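One structure is given below, encoded as structure tokens.
The values are calculated or read from the model by the stated rules, or taken from the named source; none is laboratory data. Quantities reported herein were computed from a predicted structural model and do not represent experimental measurements. As a convention, Cβ positions derive from the backbone with ideal geometry for all residues, glycine included, and neighbour counts pool all protein chains shown. The area values use the complete protein model at the heavy-atom level, side chains included, leaving out ligands, DNA and RNA. Shrake-Rupley method; radii C 1.70, N 1.55, O 1.52, S 1.80 Å.
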Amino acid sequence: MWYNDCMSREYKAKDIKVLEGLDAVRLRPGMYIGTTGVKGLHHILWEIVDNAIDEVANGHGNHIIVTLYEDGSASVEDNGRGIPVDIHPTLGVSGVEVIFSTLHAGGKFDSDNYAHSGGLHGVGSSVTNALSEWLIVEVYKNRTTYRMEFEAKMVDGKIKGGVPRYSLMDTGQYVNKRGSFVRFKPDKKIFETTNFNLETISSRLKELAFLNKGMKVTLIDERVNMGLSSLKREYCFEGGLNDFVKYLNETKSPAHAEPIFLGGKREDVTGKKDTIYMEVALQYTDVYTEHIYSYVNNIPTSEGGTHETGLKRALTKVLNDLARKHGALKEKEANLQGDDFREGLTCVLSIRMQNIQFEGQTKTKLGNPEALDAVSSIFSEKLLEYFELPENKATLDIILKKAISAAKVREAVRKQKEITRAKNSIENFNLVGKLSSCTGKKPEFNELFIVEGDSAGGTAKQARNRSFQAILPLRGKPLNAEKKRLDQVLANEEMRTIISALGSGIGEDFNVENLNYHKVVILSDADQDGAHIRAILLTFFFRYMKDLVNEGHVYIGMPPLYKVAKKDTLEYVYSDKELDEAKSKVGRGAIIQRYKGLGEMSAEQLWTTTMDPDKRTLVQVSIEDAARAEKLISTLMGDAVDLRKTYIIENANFAKEDSFVDKR
Ligand code: TSJ
């Protein structure tokens, strides 16, 4: 018997309007399903599946069967209440007809039942209908089978989609089951391919089975083996999200035997009074990456969003608090970072809520702010409760231990990165105005004078032979490298200038082949401060450019301490020991001038006494010298300044007599 046959004639005018709606779908399918490629093909299947899932998720039925047929069609069946067959009060047609003929019909019947529908964001089963060659609906209820069919057919020389072959009818065929069945054949005229992909469908159905605890999903593929037999896969997980996490961790070693499952709900506080439901399962493993899978109304949110943010914040907060409470973190120690608590974490978060808003590049990021508060509050409360149970204390200890070790590694990595970054910045460091480079291009002949103070630097610049001598004045005191981590040393401008000028890199990256100057001459005043600066520089070279010292590139310039002069004779004296010799050599009436610093010399004098390769004295620094300087600095820095200075003067003297003297 035809269902409401006469009535259906009455609303023909209305039907035309509806069909114009479906025409729009066929005209621009991309607007409704994104693409007419293989993704769009599956999209129209998911529209149907989603509706069946919702019915089961709302507690009506427990089984969904998806079948792929040889003719290219697919069907979805559930054992829920059955799509409404009665006449819609305002639209005047059967529920089935409304659902399949009206765009965005989903939820119009009973918004409560669609409250947590993944289909809400979708375009509805009418789109599937519009893009199918034919679609058949069967509703099983009242011990009978209702049936309605739609098809794409020529109307006035144009193809219309989703045209009813007949109105919903009661076939009178007895059944003792309840539910809905929809079978459709995607239209070859619309889709680039109509070949459903078994693995795509299989893995999504498995995912849906994980997300909906206890729901049985059967997948039948009748296309295999030329129709002689069919493939059947069945998914049903009594453990729900816990089973999901175990499945995801199958190839990893879990840090604790069972995943942690937490669930709860919160009234929304924004005034809409909608409830947000949350379920989460998590388990730590031996891997170093984090794997968080989040869903809203069964829709994967690959880009995360507010719900995920809420979860992460709560996890960090609760675990930091617990770490302090249990003494894993001391009072003065800083909190661990979120990343530390997520190393090796596998987690599935599933929430259900109304009015979901998507954001992001691929519209897979949840935007609802109320989800953040809800998830964060439910998760915090439930996680705390979980760890309060004595039987879960061991798991907590494992997790805290893991996080603390992750933090240590992170800190080490961060330092390394900072060093690398600083190294890179050295390469681009601007030397203009500091280094007066030489014109010669052969490093083996070139000399770099690191000169204490700007004024002495200026004098040295005038004095030098610019063809092979470069001058680098040091303004302030260079940094004591021993007490600092490399990154701090590199933050010091004086140090960076030196590294940059030498060109040979630093630390592990030091390469003597790239050295710009084969003689690096430290030229400081012959006083306490000068000795101090020298010791600091040597310490730096010893620590970070050992090969520079080892290969004999570092020298101490020897400015004279005194000038002994009389008429035509002129002697420069480099030590107190030499002074008497000079006095007797020059004879009575000699004028003795003591140089307090490099700045007291003229350019000519500095050249003659200290820089001219034919007359100067350079003391080559041995690795032992440098080691001694380092020890000196490391043991005495920070101690009483006077004591330090005396010690340096007494022990860090580079006297002509004590060392190998290089005369060029
Ligand atoms: F999408 C679809 F329409 F094609 C479709 C819907 C496909 C499949 C396979 C199943 C379903 C579907 C719809 N299964 N169950 C339902 N349930 C309802 O539509 C329904 C039933 C009863 C009531 C009620 O208030 O009594 C309300 C609704 C929404």
Quiz prompt | For TYR166, residues with placed amide H under 5 Å, excluding near neighbours | solution = GLU149
Quiz item: If you keep only loop residues by DSSP, which trypsin sites (Lys or Arg not before Pro) in segment 544-622 have at most 14 other Cβ atoms within 10 Å of their Cβ?
Solution: LYS567, ARG588, LYS596, LYS615
Quiz item: In nm, to one decimal, how far is the modelled label at GLU149 from the one at ASP509, with both set 7 Å along Cα→Cβ?
Solution: 7.5 nm
Quiz item: On average, how much accessible surface per residue is there in segment 485-530, in Å², for a 1.4 Å probe, leaving out ligands, DNA and RNA?
Solution: 37 Å²
Quiz item: If you place +1 on the Cβ of every Lys and Arg, -1 on the Cβ of every Asp and Glu, and leave all else neutral, what size is the dipole of segment 258-415 about its Cα centre, to the nearest 20 Debye?
Solution: 400 debye
Exercise. In whole Hz, with x marking every Gly and Pro, tabulate ³J(HN,Hα) for segment 299-314 from phi via Karplus 6.51 cos²θ - 1.76 cosθ + 1.60, θ = phi - 60°.
Key: 8, x, 10, 5, 8, x, x, 4, 5, 5, 4, x, 5, 4, 4, 5
Exercise. Enumerate by residue number the GluC sites (Glu not before Pro) in segment 138-205 meeting two conditions: DSSP loop (anything except H, G, I, E, B), and at most 14 other Cβ atoms within 10 Å of the site's Cβ.
Key: GLU192
Quiz prompt | Calculated FRET value between ASN225 and GLU444, using beta carbons and R₀ = 51 Å, to 0.05 | solution = 0.05
Quiz item: Roughly speaking, what is the stretch gain from ALA394 to ARG233, that is 0.36 nm per residue apart minus the C-alpha to C-alpha distance, in nm to one decimal?
Solution: 54.1 nm
Quiz prompt | For segment 75-85, 3J(HN,Hα) per residue [Karplus equation, 6.51 cos²θ - 1.76 cosθ + 1.60, θ = phi - 60°, Hz, x = Gly/Pro] | solution = 9, 10, 9, 10, 10, x, 6, x, 4, x, 10
Quiz item: So which GluC sites (Glu not before Pro) in segment 235-321 are both in a DSSP loop and have at most 10 other Cβ atoms within 10 Å of their Cβ?
Solution: GLU238, GLU250
Quiz item: What full-extension length gain, to one decimal in nm, is calculated for LEU27 and LEU384 as 0.36 nm per residue of separation minus the Cα-Cα distance?
Solution: 123.1 nm
Exercise. Evaluate the distance, in nm, between pseudo-label points positioned 7 Å from the Cα of ASP580 and of VAL175 along their respective Cα→Cβ axes.
Key: 12.1 nm
Exercise. Report the label-to-label distance for GLU418 and ASP614 in nanometres (one decimal), using points 7 Å from each Cα along the Cα→Cβ vector.
Key: 5.2 nm
Practice problem: Rank-order 127-137, 462-472, 394-404 by packing density, defined as the average count of other C-beta atoms within 10 Å over each peptide's residues, highest first. | Solution: 127-137, 462-472, 394-404
Quiz item: Rounded to the nearest whole Å², what accessible area per residue is found for segment 192-248 with the 1.4 Å probe?
Solution: 48 Å²
Exercise. Taking amide H positions as placed in the peptide plane 1.01 Å from N, state which residues far from GLN357 in sequence (5 or more) or on other chains have amide H under 5 Å from it.
Key: GLY367, ASN368
Quiz item: What is the gain in length, in nm to one decimal, between LYS325 and GLU258 on full extension, counting 0.36 nm per residue of separation less the C-alpha to C-alpha distance?
Solution: 21.7 nm
Quiz item: Once amide H atoms are built 1.01 Å from N in the peptide plane, which residues 5 or more positions from VAL621, or in another chain, come under 5 Å H to H?
Solution: VAL554, TYR555, ILE556
